[in-house]
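Engineer: Got a structure for you, written out below as structure tokens; questions coming shortly.
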Amino acid sequence: MTMTAATTSPLTREFIDADERWSTHNYHPLPVVIAAAEGAWVTDVEGNRYLDFLAGYSALNFGHRHPALVEATTAQLGRVTLTSRAFHHDQFGAFCRELAELTGTEMVLPMNSGAEAVESAIKVARKWAYRVKGVPADAARIVVASSNFHGRTTTIVSFSDDEEARADYGPYTPGFVTVPFGDAEALATAVTDDTAAVLLEPIQGEAGVNVPPSGYFAEVRRICDDRGALFIADEIQSGLARTGKLLALEHEGVRADLTTLGKALGGGILPVSAVVGSHDVLGVLRPGEHGSTFGGNPLACAVGRAVVKLLATGEFQRRSTELGAHLHARLDELVGNGVSEVRGRGLWAGVDIAEGGLTGRQAAQALAANGVLCKETHGSTLRLAPPLVISKDDLDRGIDAVADVVARG
Ligand SMILES: *Cc1c(COP(=O)(O)O)cnc(C)c1O
């Protein structure tokens, strides 16, 4: 494996200095400046190569610059890229149909970022509550889970319990009720006649790849059905083959009423998101009631169609299942050797570094120096999510590096 310099060179420093001087400081990136990438590998401005074990928080499930996705993008660039929704275009209906068929749903609301998809699902659920369920005006509630991550808008951070994400952004949007993640009894108490929806991540990514107890989502479905509330699954990070299934909820044999998709839906090329669901629910939107200048644009639809085509083969779900089994078998061996716990599903893992070891940040830095890029979350957890195109040999190289780093400290 390519070894990288432990200290930051003048060239790298120059790029980082510009970022720090000219951009807001709302991130704390690792000191690596990427200049090129292909598949599971990235190359920095010094020519050092790294294995990408983060995959853009699962936006890069198909790896960097997947040939089929680059080809679809390039072809569409030569035709038409943007029309606005003032007019129809020839990629829109096909994208919506293909995504609906892939996900077994009836209707698609295309947007751009993940946060926009979540906002859109919240708006649809509220409108549905008033127009269909008959909740009194402005009384609709949405029940969410502790440690959730659904994006960064003012409404979404209003129901976050992460102080860093939320502090000093008030006044907060009312209408949200938080219950402990994975606790079906607490959910049953919180869902009332005024509940429009329950909004949950099937697996909480940002919180450290938290997998709830098995049977939880069957209970969630039953509670929602009993009280006539919608179940919204935020599959922006867990969906599109990351866990070995198209949707992570398939592992639970449960279907949501609305599903938010994003990240990998744009193939690592463009922001593409969507809310998918039934006619009964998404059909509440009428002209003028919601929109986005860029949502469902021709370029995004062309890329999205190519993504759907890749997912329809089942190859990525299969790779995630097989490589994921290998990843988890090897990570489980590290428990007791610098690791206190491993969680996850498919090619996705949260690795808690044992007390007395490196911090998550130190471990991510040490991994970068060993040619593997990943990101810590919440202090002492490493989040691993390699692109699903990674080879078994490369996966093993990355795991070797993780094993080496967590054993230090
Ligand atoms: C990343 C993420 C979002 C937000 O997506 P953006 O494209 O960053 O706005 C929402 N929900 C989940 C579960 C996510 O992982």
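The values are calculated or read from the model by the stated rules, or taken from the named source; none is laboratory data. Everything numeric in this text was worked out from a predicted model, so none of it was measured. No Cβ is skipped: glycine too gets one built from the backbone with ideal geometry, and neighbour counts run over all protein chains shown. The accessibility values were calculated without ligands, DNA or RNA, using every heavy atom of the protein model including side chains. Shrake-Rupley method; radii C 1.70, N 1.55, O 1.52, S 1.80 Å.
Engineer: Step by step: find N for segment 27-182, compute 2.2 N^0.38 Å, then divide the Cα radius of gyration by it. What's the final number?
Structural biologist: So the Cα radius of gyration is 1.36 times the expected 2.2 N^0.38 Å.
Engineer: Around Leu69, with a cut-off of 12 angstrom between Cβ atoms, what is the net charge of the other residues, counting Lys and Arg +1 and Asp and Glu -1?
Structural biologist: Net local charge, Leu69 excluded: +2.
Engineer: In the chain, what is the count of Lys pairs whose alpha carbons are under 28 Å apart, counting only pairs at least 8 residues apart or on separate chains?
Structural biologist: 13
Engineer: Relative contact order of the chain: what whole-number percent is it, with Cα pairs under 8 angstrom and at least 6 residues apart?
Structural biologist: Reported as a whole number, the value is 23 percent.
Engineer: Can I ask one more? First check a/c for segment 150-242, with a ≥ b ≥ c the square roots of the eigenvalues of its C-alpha gyration tensor; if it is under 1.5, answer rounded, and if not, answer prolate when a/b is larger than b/c or oblate otherwise.
Structural biologist: oblate
Engineer: May I pose another question? Can you order the peptides 290-303, 326-339 by their average number of other Cβ atoms within 10 Å per residue, highest first?
Structural biologist: Result, highest mean first: 290-303, 326-339.
Engineer: Need one value: the accessible area of Asp161 in square angstrom, 1.4 angstrom probe, rounded to the nearest 10.
Structural biologist: It works out to around 80 Å².
Engineer: Lys and Arg at +1, Asp and Glu at -1: add these up for the other residues within a Cβ distance under 15 Å of Glu322 and post the number.
Structural biologist: Charge balance near Glu322 sits at +3.
Engineer: Calculate how many DSSP beta bridges within the chain are antiparallel, expressed in % of all such bridges and rounded to the nearest 5.
Structural biologist: 60 percent
Engineer: So what is the relative contact order for segment 1-72, in percent, with contacts set as C-alpha pairs under 8 Å and at least six apart?
Structural biologist: Relative CO of segment 1-72 lands at 26 percent.
Engineer: Is the shape of segment 67-312 best called rounded, prolate or oblate, per the rule: a/c under 1.5 gives rounded, else a/b larger than b/c gives prolate, else oblate, with a ≥ b ≥ c the square roots of the Cα gyration tensor eigenvalues?
Structural biologist: Since a/c reaches 1.5 and a/b is larger than b/c, the shape of segment 67-312 is classed as prolate.
Engineer: With charges only on Cβ, +1 for K and R and -1 for D and E, what is the dipole size of the chain about its Cα centre, in debye, rounded to 20?
Structural biologist: 980 debye
Engineer: Same structure again: Might you work out the accessible area of Glu71 for me, using a 1.4 Å probe with all protein chains in place, and round it to the nearest 10 Å²?
Structural biologist: 130 Å²
Engineer: In the neighborhood of Ala55, defined by Cβ-to-Cβ distances under 14 Å, what is the net charge if each Lys or Arg adds +1 and each Asp or Glu adds -1?
Structural biologist: Net charge around Ala55: +3.
Engineer: Got a sec? What order do Tyr57, Tyr50 fall in by accessible area at 1.4 Å, biggest, i.e. largest, first?
Structural biologist: Ranking Tyr57, Tyr50 by accessible area, largest first, yields Tyr57, Tyr50.
Engineer: Which order do Arg227, Arg131 take when ranked by solvent-accessible area (1.4 Å probe, heavy atoms of all protein chains), largest first?
Structural biologist: Arg131, Arg227
Engineer: Once a ≥ b ≥ c are taken as the square roots of the eigenvalues of the Cα gyration tensor of segment 245-311, is the result rounded (a/c under 1.5), prolate (a/b larger than b/c) or oblate (a/b not larger than b/c)?
Structural biologist: oblate
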